[in-house]
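Heads up: the structure comes next, in structure tokens.
All of the numbers you see were taken from the coordinates with simple rules; none came from a lab. Small disclaimer: the values here were computed from a predicted structure and weren't measured. All Cβ positions, even for glycine, are placed from backbone atoms using ideal geometry, and neighbour counts span all protein chains on display.
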Amino acid sequence: MRPVLHADVICAARVLLCLPSGRRWQAAQELVARAEAADRYRRRLGRTHPGWGNGTLMAAAMARPMAPGHRPDHPDYADCLMLVLDALRRHRAAAHAGQPLAQETQRRAVGSSSSRRPGISSPQSSQ
């Protein structure tokens with residue numbers, strides 16, 4: 001993911017504010033994961049991701065509906081800011097600890113294509 005600026009956090013919090021409180025934590029993690037994935041896409045292919053932007057958290061957030069801004073002391077908005085910051089903190093801690101990122105964890109939980117039985121027999125599928 002590209003460096004995170006204050007404006008990135010604000011945009012992400014405004015996205016979360018549009019959601020019911022029970023869905024905000026998951027959405028915060030998804031925004032961070034999408035920004036990370038978009039940055040990898042940008043570095044690999046040399047262009048922005050068509051749905052998630054250029055690898056910034058702001059670009060990932062701008063693809064979703066956004067509530068108007070509030071003062072930081074607004075209770076729901078403050079909660080959303082804290083959720084975004086916590087999602088970023090956890091993402092960075094996992095990346096620095098060498099742990100898989102959220103998408104890789106999901107892939108392992110569901111199963112990668114290499115762990116499934118092949119539908120068509122080929123020399124490559126038996127490797």
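A few points about this structure:
- The label point for Arg89 and the one for Asn54, both projected 7 Å from the Cα toward the Cβ, are 2.9 nm apart.
- Loop-resident sites, the stretch 1-75, for trypsin sites (Lys or Arg not before Pro), counting at most 15 other Cβ within 10 Å (DSSP): Arg47
- Dipole magnitude for the stretch 6-105: computed about the Cα centre from +1 point charges on Lys and Arg Cβ and -1 point charges on Asp and Glu Cβ, it is near 360 debye.
- The string of couplings for the stretch 51-64 from the Karplus curve (6.51, -1.76, 1.60, θ = phi - 60°) is x, 10, x, 9, x, 8, 5, 4, 5, 5, 6, 5, 7, 10 Hz, one whole number per residue in order, with x for Gly and Pro.
- Residues Trp25, Trp52, sorted so that the one with the fewest Cβ neighbours within 10 Å comes first: Trp25, Trp52
- Residues whose amide H lies under 5 Å from that of Ala67, counting only those 5 or more places away or on a different chain, are Val15, Leu17, Cys18; hydrogens are built 1.01 Å from N in the peptide plane.
- In order through the stretch 17-28: 3J(HN,Hα) via Karplus (6.51 cos²θ - 1.76 cosθ + 1.60), integer Hz, x for Gly, Pro: 4, 6, 9, x, 4, x, 9, 5, 4, 4, 5, 4
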